[in-house]
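Scroll down for the structure; my scribbles are underneath it.
Coordinate-derived values only; no laboratory data. Computed from a prediction, not measured in an experiment: that's the story for all the values here. Ideal geometry is used to build each Cβ from the backbone, glycine not excepted, and the neighbour counts take in all protein chains shown.
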Amino acid sequence: MRVALAINAAMLVAAIAGGILTGSLALLAEGGHLLSDVGAIGVGLVAARLASTAPTPARTFGLHRSEVLGALVNGVALVAISVLVLAGAVMRLSDPPEVAGAGVLILGLAGLVGNLAATWVLASGTRADINLEGVLRHSAADALSSLGVVVAGAVVLASGWDAIDPLVSMLIALLIAAGSWRLLKEPVNVLLEAAPAGLDVREIGAAMASAPDVVEIHDLHVWTVTSGFPALSAHLVVRAGADRDGARAGVEALLDERFGIHHTTLQVVEDHLIAVEELARTPRSPNI
């Protein structure tokens with residue numbers, strides 16, 4: 001992310017200066033997106049640093065979810081930028097200003113090369129990390145917007161049709177908005193403690209219930225602490241006289257090997273104890 005930050009900062013200066021000099025909204029739109037990228041990478045770096053903070057008695061999981069919050073901030077920023085670019089493009093469409101096609105084309109090509117380089121660097125990281133994924137999606141959307149700028153510059157240079165500039169800007173805005181969907185959906189799911197993507201809770205419960213000596217599973221909860229950190233808690237009912245520790249260890253091994261869930265909290269109760277507890281909770285007649 002540090003390498004990508006340096007690349008994007010250099011391109012930001014070029015895009016904004018070029019947009020002002022050439023009169024291109026497409027370049028300014030790319031500059032606005034690059035500005036969000038610089039901010040997004042900055043947020044990502046801070047979030048990654050915070051996530052490595054050791055747990056404390058007040059925060060027993062540490063600050064792992066700062067990465068999730070960073071991804072959510074980036075998603076919201078992408079939506080805001082797409083709305084601003086779209087509004088500016090609509091205003092310009094009725095009376096498009098003259099655009100210097102050659103300058104737009106040259107700067108668009110330079111931006112495309114830089115964005116592809118930044119995206120390639122980011123793609124070499126861990127894709128399961130939602131924080132890094134958020135920064136990567138920013139960079140990939142920038143590469144697409146740079147391609148749009150190249151097209152706009154080429155069309156203006158070849159035909160003098162200045163309206164292509166706001167049209168390309170509208171397309172860039174839609175691409176940015178589309179790329180923000182996952183960045184909004186996944187962090188919200190994590191914060192709402194939804195089941196991790198790709199894990200079927202019914203399948204997990206059935207597998208646990210089929211383990212040796214297990215009679216029943218209830219109060220099963222599966223959630224994500226942060227990206228790549230699923231957690232599970234459940235009440236495990238085992239047959240009377242069974243080895244509780246052995247049954248629990250077997251279920252833990254099953255969850256680890258089959259579903260990749262390493263952080264588990266299992267409360268184990270014998271079947272006959274459940275029956276006694278239910279009997280104790282049953283209302284009795286005054287005559288008994």
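Between residue 84 and residue 223, how high is the FRET efficiency from 1/(1 + (r/R0)^6) when r is the Cβ-Cβ distance and R₀ = 25 Å? Nearest 0.05.
On the way: r = 35 Å, r/R0 = 1.40.
So the FRET efficiency works out to roughly 0.10.
In whole Å and largest first, what semi-axes does the C-alpha gyration tensor of the stretch 1-150 yield when each eigenvalue is scaled by 5 and square-rooted? Can you show the working numbers first?
Numbers: eigenvalues 220, 50, 22 Å².
Listed largest to smallest, the semi-axes of the stretch 1-150 are 33, 16, 11 Å.
Run through the DSSP bridge list for the chain and note the antiparallel percent, rounded to the nearest 5. Walk me through the numbers on the way to the answer.
Working: 9 of 17 bridges.
Among the beta bridges of the chain, antiparallel pairing accounts for roughly 55 percent.
Which of 220, 63, 144 moves most in a GNM of the chain, Cα contacts under 10 Å?
For the chain, modelled as a Gaussian network with Cα springs under 10 Å, the answer is 220.
What is the percent of Cα-Cα separations in the chain that go past 34 Å? Working shown, then result.
On the way: 17382 of 41328 pairs.
Everything past 34 Å amounts to 42 percent.
Under the definition of Cα pairs under 8 Å and six or more residues apart, what whole-number percent is the relative contact order of the stretch 131-271?
Numbers: 165 pairs, mean separation 24.6, N = 141.
Dividing the mean separation by the residue count of the stretch 131-271 yields 17 percent.
Taking a point 7 angstrom from the Cα of residue 123 along the C-beta vector, which residues in the stretch 143-165 have backbone N less than 16 Å away?
Under 16 Å, as judged by backbone N against the label point of residue 123, lie 143-147 of the stretch 143-165.
Suppose a student asked you for the relative contact order of the stretch 2-191, using Cα pairs under 8 Å spaced at least 6 residues apart; what percent would you report? Each step should come with its number before you reach the end.
Details: 312 pairs, mean separation 58.0, N = 190.
Once divided by the residue count of the stretch 2-191, the mean separation gives 31 percent.
Which FRET efficiency value, to the nearest 0.05, is calculated for residue 52 and residue 240 with the Förster distance at 45 angstrom and r the Cβ-Cβ distance? Working shown, then result.
Details: r = 46 Å, r/R0 = 1.03.
Here the calculated transfer efficiency is 0.45.
Compactness ratio of the stretch 21-93: Cα Rg over 2.2 N^0.38 Å, N = residue count?
Against the empirical 2.2 N^0.38 Å value, I get 1.53 for the stretch 21-93.
Relative to the Cα centre, what is the charge dipole magnitude of the chain, using +1 at the beta carbon of each Lys and Arg, -1 at the beta carbon of each Asp and Glu, and rounding to the nearest 20 debye? Don't skip to the answer; put the middle values down first.
On the way: 16 positive and 26 negative charges, 96 e Å.
In total the dipole reaches around 460 debye.
How would you rank 204-212, 221-229, 170-178, highest first, on the average number of other Cβ atoms within 10 Å across their residues? Spell out each step's value before the answer.
On the way: 204-212: 16.2, 221-229: 18.8, 170-178: 20.9.
Answer by packing, highest mean first, reads 170-178, 221-229, 204-212.
Calculate how steeply helix 181-191 sits against the longest principal axis of the alpha-carbon atoms of the chain, using the helix alpha-carbon long axis, and give the answer as 0 to 90 degrees to the nearest 10.
Between the helix axis and the principal axis of the chain, the angle is about 30 degrees.
Would you mind giving the average projected area, over all directions, of the Cα convex hull of the stretch 201-281 in nm² with one decimal?
5.4 nm²
Near the amide H of residue 225, under 5 Å away, which other amide H atoms are found, from residues 5 or more places off or on another chain, if H is placed in the peptide plane?
Here the answer is 231, since their amide H atoms fall under 5 Å of that of residue 225.
For the stretch 164-229, what percent of Cα pairs sit more than 17 Å apart? Before the final figure, lay out the partial values.
Values: 1308 of 2145 pairs.
Value for the stretch 164-229: 61 percent of Cα pairs lie more than 17 Å apart.
Rounded to the nearest 10 degrees, what's the angle between the helix 25-51 long axis and the longest principal axis of the chain, both from Cα atoms, 0 to 90?
Taking the Cα atoms of the chain, the angle to 25-51 is about 30 degrees.
Nearest 10 degrees is fine. How inclined is helix 271-281 to the longest principal axis of the chain, computing both from alpha carbons?
In the chain, helix 271-281 runs at an angle near 90 degrees to the longest axis.
Under the Karplus relation 6.51 cos²θ - 1.76 cosθ + 1.60, θ = phi - 60°, what is the ordered set of whole-Hz ³J(HN,Hα) values for the stretch 100-112, x standing for Gly and Pro?
Values, residue by residue: 7, x, 5, x, 4, 4, 5, 5, x, 5, 4, x, 4 Hz.
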